[in-house]
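Engineer: Take a look at the following structure, please.
The values are calculated or read from the model by the stated rules, or taken from the named source; none is laboratory data. Given the structure is predicted, the values throughout are model-derived calculations rather than measurements. As a convention, Cβ positions derive from the backbone with ideal geometry for all residues, glycine included, and neighbour counts pool all protein chains shown. For the accessible areas, the whole protein counts, side chains as well, though only heavy atoms, and no ligand, DNA or RNA atoms are used. Shrake-Rupley method; radii C 1.70, N 1.55, O 1.52, S 1.80 Å.
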Amino acid sequence: MSATVKTLVNQPYKYGFVTDIETDSIPRGLSEDVVRLISAKKNEPEFMLEFRLKAYRHWLKMTEPEWAHVNYPAIDYQNIVYYSAPTKETKKVESLDDIDPALLETFEKLGIPLSEQKRLSNVAVDAIFDSVSIATTFKKDLAKHGVIFCSISEALQDHPELIQKYLGTVVPTADNFFAALNAAVFSDGSFVFIPKGVKCPMELSTYFRINNGDTGQFERTLIVAEEGASVSYLEGCTAPMFDTNQLHAAVVELVALDNADIKYSTVQNWFAGDENGKGGIYNFVTKRGLCKGVNSKISWTQVETGSAITWKYPSCVLLGDNSVGEFYSIALTNNMQQADTGTKMIHIGKNTRSTIISKGISAGKSKNSYRGLVKMNPKADGARNYSQCDSMLLGDTAEANTFPYIQVDNQNAKVEHEASTAKIGEEQLFYFAQRGISEEDAISMLVSGFCKDVLSELPMEFAAEADKLLSLKLEGAVG
Amino acid sequence: MSDVILSIKNLTANVDGQPILKGVDLEIKAGEIHAIMGRNGSGKSTLSKIIAGHPEYEVTGGEIIYKGENLLEKEAEERALDGIFLAFQYPLEIPGVSNLDFLRVAYNAQLKHLGKEEIDEFDFEDLIEAKLEVVKMNPSFLGRSLNEGFSGGEKKRNEILQMALLEPSLGILDEIDSGLDIDALRIVSEGVNQLAHPENAFLLITHYQRLLDYITPQFVHVMYDGRIVKSGGKELALELEETGYDFLDEKVAAGVA
């Protein structure tokens, strides 16, 4: 009876195509020479090479973390291509006319048109294809407000002093295995700088596309909001369907100075592998924000639907007094997907506040774990945290776990934690069916209802899309 | 008045491999209100769920013909769209899904099934406000999550609201009176009475005669151990109230029933 939940027939992944394009790739494998080669290809300043080499030497001494509740065969780091760029894009592009039409077409197919006529009207986009940034829209308009939005490679040429000042200050090169690897070999990413007192006039967004089947993607994003500045940033990601697994090890650093406000949203739709767990992206990402100044605020919103394996804990270090950290997350896993995701809220300053709302949905034979740390340091007088972790199970074969870590070293700090597990079962579906509502509609209503608190945190343009993505991912999940 | 809406013949069914229905016969015509009474475990709630198409129950024999078609070939969703409505004994709480959205999606599913154009939010709000009158519900309930935090009586009223909206041909009320105080019982019953007309039919599943003071059935059936063992007019309900169900044990033991 209750075991009528059948195997899942997924909606085909519609971003699974490969763009046939000539690339400049370096041979597989990692060595000090490869690190030097990447840096040379990008014509980087000396400090950057030093940064990379230091990270690489650290990485050699580190071991891969094993504590996450995920299983995968050992990764052969010598079998990965660490740099791959479409040949024509290796020199600096001045206008979209210089870009290979195949690339423009690729992004258009992904729903991210870059041309002046078609681009999204209120969102500036940095489009990243394998290891390089292809184009950034609205760059000039943003410059008028003093906002810098460009690829990190460009920033290294045009604003090296800002990169040198902030890069690695939130996620140090030796922070963890994957972050160290990223620091050694990262090829591109986005850089955002919002000067003092400026409210960024539009949404900023980076779209990541992995195309090459053997390439790892190691992008690095750095966002700095000076005193009183504010910005809302969104990243989206897709990849073709390959039988093999691709490694994606990104690092994102956010810095918020006094009274600054950064909102960072992610809609992650990397290829998740097929229903038997073959292929898919290993998404091993380090994301951290530093609320450096007083009254600063950093808010993470993530909708994680893709990747074979997700290992990701967007965190906030609440250093400035009265600073605020937020984490709103939806993690959906289906088939054989595995996700170990959550956040860390490190309260250092006085009266710092953090909110964690996590919604995990597991279907199929997937594993979905929330892992979160709330730490109240001795000086964090009056600090407060509220955490709510809800899990929803579809069917009898999925797994949901919650691993909360709470460490309170200040007696005036207050931590609240709530957790719940719900199950979409036959009874609920029967109730909807008895009112003439189809199973697909029922599941999509139940899931969006469950995720409502988080979906409402996404920028308007993307909330509806994310909601649709969730139902798409679950189509046929219960039968 | 003689159109047969539902005809059940020698229906047998299992739950978890255990026989629960052991040969049920029942015929319901347009314009009729039937009541099935019986003890807990007699199979009356099971019967209502089987008519509605609950996947947990396995029909092992017999037939159910609804408006001339074999009902057992249809999924629950199709049965609902064809006009069978089950008011649940324990309506489910659905967090995050607003009552209004649920009602609108259900209504539009029916319109679509009938080949009609779906209606938008604004027209729907006008429509549903009129229906709220039937069960004297406050419009504030529309904005709340479906049944979440509703009292027992509010949940039952919400079931009748859904029924008023969907206007089924056959309304099945599974212990609609359980957990209701007298005022709520009156409101719910008046709602059902308003909805009854010569084209549709109702099947009331109840434990107590009390409900039948408010909704008057033409036919009362007594269910015992998976069968309808006695049928009669409304006076049968009063008789049962007097004697209780114990006499059935003796009758069955004596091989009379």
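Engineer: Pull up region A:450-462, narrow it to residues that are within 14 Å of chain B (Cβ to nearest Cβ) and surrounded by fewer than 21 Cβ atoms within 10 Å (Cβ to Cβ), then point me to the one that is farthest from B:Leu170 (Cα to Cα).
Structural biologist: So, considering only residues that are within 14 Å of chain B (Cβ to nearest Cβ) and surrounded by fewer than 21 Cβ atoms within 10 Å (Cβ to Cβ), the one farthest from B:Leu170 (Cα to Cα) is A:Ser456.
Engineer: Please indicate, with yes or no, whether at least one residue in region A:356-379 is open to solvent by less than 10 Å² (accessible area, probe 1.4 Å), assigned to a loop (DSSP other than H, G, I, E, B) and of a type in the set (Ser, Thr, Tyr).
Structural biologist: Looking through region A:356-379, at least one residue is open to solvent by less than 10 Å² (accessible area, probe 1.4 Å), assigned to a loop (DSSP other than H, G, I, E, B) and of a type in the set (Ser, Thr, Tyr).
Engineer: Mind checking which residues of region B:101-117 are more than 20 Å from the chain's Cα centre (by Cα), facing chain A (nearest Cβ under 10 Å) and open to solvent by 30 Å² or more (accessible area, probe 1.4 Å)?
Structural biologist: B:Asp101, B:Val105, B:Lys112, B:His113
Engineer: Can you pull out the residues in region A:408-430 that are away from chain B (no Cβ under 14 Å) and assigned to a strand (DSSP E or B)?
Structural biologist: A:Val408, A:Lys414, A:Val415, A:Glu416, A:His417, A:Ala419
Engineer: Quick check: is even one residue across region B:152-175 crowded, with 18+ Cβ neighbours inside 10 Å and in a loop (DSSP other than H, G, I, E, B)?
Structural biologist: yes
Engineer: Are any residues in region B:221-252 assigned to a strand (DSSP E or B) and either more than 17 Å from B:Leu203 (Cβ to Cβ) or hydrophobic (A, V, I, L, M, F, W, C) (or both), and if so, which ones? Walk me through it before giving the result.
Structural biologist: From region B:221-252, those assigned to a strand (DSSP E or B) are B:221-224, B:227-232; that's our starting set.
Result: B:Val222, B:Met223, B:Tyr224, B:Ile228, B:Val229.
Engineer: Sort out which residues of region B:1-21 are in a strand (DSSP E or B) and either open to solvent by 80 Å² or more (accessible area, probe 1.4 Å) or not aliphatic (A, V, I, L, M) (or both), and write them in order of number.
Structural biologist: If the condition is that a residue be in a strand (DSSP E or B) and either open to solvent by 80 Å² or more (accessible area, probe 1.4 Å) or not aliphatic (A, V, I, L, M) (or both), then B:Ser7, B:Lys9, B:Asn10, B:Thr12, B:Asn14, B:Gln18, B:Pro19 are the ones that fit.
Engineer: Kindly indicate which of A:Asp396, A:Asp390, A:Asp340 is in contact (Cβ under 8 Å) with a residue 24 or more places away in the chain and either part of a loop (DSSP other than H, G, I, E, B) or open to solvent by 30 Å² or more (accessible area, probe 1.4 Å) (or both).
Structural biologist: Within the list A:Asp396, A:Asp390, A:Asp340, the selection yields A:Asp396.
Engineer: Could you tell me how many of the residues in region A:274-285 are open to solvent by less than 10 Å² (accessible area, probe 1.4 Å) and either touching a residue at least 40 places away in the same chain (Cβ under 8 Å) or within 25 Å of A:Asp175 (Cβ to Cβ) (or both)? Before you say what the answer is, go through the steps one by one.
Structural biologist: Step one: filter region A:274-285 for residues open to solvent by less than 10 Å² (accessible area, probe 1.4 Å), giving A:279-281, A:283-285.
Checking which are either touching a residue at least 40 places away in the same chain (Cβ under 8 Å) or within 25 Å of A:Asp175 (Cβ to Cβ) (or both) leaves us with A:280-281, A:283-285.
Number of matching residues: 5.
Engineer: For region A:343-355, give me the residue count where each residue is open to solvent by 10 Å² or more (accessible area, probe 1.4 Å) and either closer than 17 Å to A:Gly289 by Cβ or among the small types (Gly, Ala, Ser) (or both).
Structural biologist: Matching residues across region A:343-355 total 5.
Engineer: Need pairs with beta-carbon distance below 9 Å; first residue at pLDDT 80 or above and β-branched (Val, Ile, Thr) and within region A:20-33, second in a loop (DSSP other than H, G, I, E, B) and open to solvent by less than 100 Å² (accessible area, probe 1.4 Å); sequence gap 6+ or separate chains.
Structural biologist: Pairs that qualify, where the first residue is at pLDDT 80 or above and β-branched (Val, Ile, Thr) and the partner is in a loop (DSSP other than H, G, I, E, B) and open to solvent by less than 100 Å² (accessible area, probe 1.4 Å), are A:Ile26/A:Tyr82; A:Ile26/A:Tyr83.
Engineer: Being open to solvent by less than 40 Å² (accessible area, probe 1.4 Å) and at positive phi is true for just one of B:Gly226, B:Gly191. Which residue is that?
Structural biologist: Details: B:Gly191 fails: at positive phi.
Checking each option against the conditions leaves just B:Gly226.
Engineer: Further, regarding this structure: Against the definition (open to solvent by less than 40 Å² (accessible area, probe 1.4 Å), touching a His at 6+ places or on another chain (Cβ under 6 Å) and within 27 Å of A:Val447 (Cβ to Cβ)), how does B:Leu81 come out, yes or no? Give the steps one after another, and end with the answer.
Structural biologist: On the way: open to solvent by less than 40 Å² (accessible area, probe 1.4 Å): yes; touching a His at 6+ places or on another chain (Cβ under 6 Å): yes; within 27 Å of A:Val447 (Cβ to Cβ): yes.
Spelling it out, B:Leu81 is indeed open to solvent by less than 40 Å² (accessible area, probe 1.4 Å), touching a His at 6+ places or on another chain (Cβ under 6 Å) and within 27 Å of A:Val447 (Cβ to Cβ).
Engineer: Among the residues of region A:293-301, is there at least one that is aliphatic (A, V, I, L, M) and within 26 Å of A:Glu66 (Cβ to Cβ)?
Structural biologist: No; the residues of region A:293-301 include none that is aliphatic (A, V, I, L, M) and within 26 Å of A:Glu66 (Cβ to Cβ).
Engineer: Residues being in contact with a Gly (Cβ under 7 Å, 6 or more places away or on another chain) and of a type in the set (A, V, I, L, M): count how many of those fall in region B:126-150.
Structural biologist: 2
Engineer: Same structure, new question: Among the strands (runs of 3 or more DSSP E) lying completely within region A:238-332, list those that include at least 1 residues that are under 22 Å from A:Asn401 (Cα atoms) and not aromatic (Phe, Trp, Tyr).
Structural biologist: A:261-268, A:280-291, A:297-304, A:309-312, A:315-318
Engineer: Would you point out the residue of region B:53-74, among those that are buried (at least 22 other Cβ atoms within 10 Å of the Cβ) and over 16 Å from B:Thr12 (Cβ atoms), that is farthest from the other protein chains (Cβ to nearest Cβ)?
Structural biologist: Only one residue tops the list, namely B:Tyr66.
Engineer: Select from region B:83-100 the residues that are over 21 Å from the mean Cα position of the chain (by Cα) and facing chain A (nearest Cβ under 7 Å) and list them in ascending order.
Structural biologist: We begin by selecting, within region B:83-100, every residue over 21 Å from the mean Cα position of the chain (by Cα); these are B:95-98, B:100.
Listed by number, the residues that qualify are B:Pro95, B:Gly96, B:Val97.
Engineer: Does A:Gly436 satisfy being modelled with pLDDT of 95 or more and either under 27 Å from A:Leu318 (Cα atoms) or within 13 Å of another protein chain (Cβ to nearest Cβ) (or both)?
Structural biologist: Answer is yes for this residue.
Engineer: When residues of region A:420-442 are filtered for being buried (at least 24 other Cβ atoms within 10 Å of the Cβ) and within 27 Å of the chain's Cα centre (by Cα), how many remain?
Structural biologist: 0
Engineer: Additional query: Would you mind stating whether B:Met37 is more than 14 Å from chain A (Cβ to nearest Cβ), over 30 Å from B:Glu242 (Cα atoms) and at pLDDT below 95? Quick ask: steps written out before the conclusion?
Structural biologist: Details: more than 14 Å from chain A (Cβ to nearest Cβ): yes; over 30 Å from B:Glu242 (Cα atoms): no; at pLDDT below 95: yes.
No.
Engineer: Moving on. Taking only region A:65-109 into account, find how many residues are at pLDDT 70 or above, closer than 23 Å to A:Arg220 by Cα, open to solvent by less than 50 Å² (accessible area, probe 1.4 Å) and not in a helix (DSSP H, G or I).
Structural biologist: Of the residues in that region, 11 qualify.
Engineer: Hey, A:Ala466 hits all of (1) more than 14 Å from chain B (Cβ to nearest Cβ); (2) in a helix (DSSP H, G or I); (3) open to solvent by 10 Å² or more (accessible area, probe 1.4 Å) but one; which does it fall short on?
Structural biologist: Checking A:Ala466 against (1) more than 14 Å from chain B (Cβ to nearest Cβ); (2) in a helix (DSSP H, G or I); (3) open to solvent by 10 Å² or more (accessible area, probe 1.4 Å), the one that fails is (3).
Engineer: Pull out all pairs, ordered by first then second residue, where Cβ-Cβ is under 9 Å, the residues are six or more apart or on different chains, the first lies in region A:60-88 and is without any contact (Cβ under 8 Å) to a residue 24 or more places away in the chain, and the second is open to solvent by 60 Å² or more (accessible area, probe 1.4 Å).
Structural biologist: Hits for this filter: A:Pro73/A:Asn245.
Engineer: Here's a follow-up. Checking the structure you have, find out if any residue of region B:165-177 is over 24 Å from A:Leu446 (Cα atoms) and small (Gly, Ala, Ser).
Structural biologist: Looking for residues that are over 24 Å from A:Leu446 (Cα atoms) and small (Gly, Ala, Ser), one finds at least one in region B:165-177, hence yes.
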